[in-house]
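Participant: Let me give you the structure first, and then I'll get to my questions.
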């Protein structure tokens, strides 16, 4: 719901132009003081939809982009917590074409959470270009980062960009798996008698994720006596001036909105090097 601004009625005879780059792109429609690009969600998903009159368009805003998604209808709003949302199977989540980020049981049925960021990437509404490769800093140990995101497409982009920038990368698709991984690293560093956090330099996490969201993950890290020195960067489509206080309240070291793929590695590197300099490592 945080991504949905309003629901409007579709204008008549809305259909894709022959010049459209993607068959699901229906062009733009006027909406007060702006033009709204509209995507036919059924075409993007590859499923049939019985057309009817007065079809709704969900007007969304995330990743700094306003987009309309044509849907067959809106029946009900369900309020659930992220602890009730299960990630897709590991097999499904690792598939390049996966568009499901989570599932939630609603009575006798399951609802599927869609990877709308992947839709924007396929429609070239999201900057997915690789950042300029920066020379690796002169350090005794490599820069190591844990990337946490429930979107298959975003995880691919993050891994590609950070590995291209010379980072050692570990990837998880939800906050709970990331937290368990951090606890395992903490136990290993204590077993080896190493200062903590010694096996990782930073966590870059999405906010909305199954099982455990990014705010809870950040709070867990920052209230742990051993892991609290670990920098946490929240990287989300929902970060805005009005929501910065949420990340600040749990101790996030930085909050970056998702269109800024190109500059993310540079910002994370600076945060890590500043922490290393402050700690003398």
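Participant: Which angle between 0 and 90 degrees, to the nearest 10, do you get for helix 152-164 versus the longest principal axis of the chain when only C-alpha atoms count?
Facilitator: Approximately 40 degrees, to the nearest ten.
Participant: When you count, for each residue, the other Cβ atoms within 10 Å and take the mean per peptide, how do 221-228, 268-275, 202-209, 149-156 rank with the highest first?
Facilitator: Working: 221-228: 16.0, 268-275: 17.6, 202-209: 26.2, 149-156: 23.4.
Those peptides, ordered most packed to least, come out 202-209, 149-156, 268-275, 221-228.
Participant: Kirkwood hydrodynamic radius (Cα pairs, Å) of segment 144-279? Mind dumping the intermediate values first?
Facilitator: Working: mean 1/r = 0.0676 Å⁻¹.
With all distinct Cα pairs of segment 144-279 included, I get 14.8 Å.
Participant: Any chance you could get the radius of gyration and Dmax over the Cα atoms of the chain, in Å?
Facilitator: Reported Rg and Dmax, both Å: 20.4, 68.
Participant: Further question on the same structure: Picking from 54, 245, 78, which is most flexible by a Gaussian network model of the chain using Cα springs under 10 Å?
Facilitator: Evaluated over the chain, the most mobile residue of the options is 78.
Participant: Can you order the peptides 31-38, 106-113, 60-67, 175-182 by their average number of other Cβ atoms within 10 Å per residue, highest first?
Facilitator: 175-182, 60-67, 31-38, 106-113
Participant: Let me ask something else. For the residue pair residue 245 and residue 47, what label-to-label distance in nm results when each label sits 7 Å from Cα along the Cα-to-beta-carbon direction?
Facilitator: 3.8
Participant: I'd like the antiparallel share, as a percent to the nearest 5, of DSSP beta bridges with both residues in the chain. Display every interim value, and only then the final one.
Facilitator: Numbers: 23 of 42 bridges.
If we restrict to bridges inside the chain, about 55 percent are antiparallel.
Participant: Over segment 144-279, what relative contact order in percent results from Cα pairs under 8 Å that are six or more residues apart? Write out the running numbers ahead of the final one.
Facilitator: Details: 208 pairs, mean separation 30.5, N = 136.
Once divided by the residue count of segment 144-279, the mean separation gives 22 percent.
Participant: Now for a different question. Averaged across orientations, what area in nm² does the convex hull of the alpha carbons in segment 4-70 project?
Facilitator: Mean orientational projected area (segment 4-70, Cα hull): 4.9 nm².
Participant: Compute the acute angle (0 to 90°) between the alpha-carbon long axis of helix 261-279 and the principal axis of greatest extent of the alpha-carbon atoms of the chain; round to the nearest 10°.
Facilitator: Its long axis makes an angle of about 20 degrees.
Participant: As a test, work out the antiparallel percent of DSSP beta bridges whose residues both lie in segment 4-70, rounded to the nearest 5.
Facilitator: 85
Since every read-out is calculated from the coordinates, none of them should be taken as a lab result. Just so it is clear, the model here is predicted, and its values are computed rather than measured. Please note: Cβ atoms are built from the backbone with ideal geometry, for glycine as well, and neighbour counts cover all protein chains shown.
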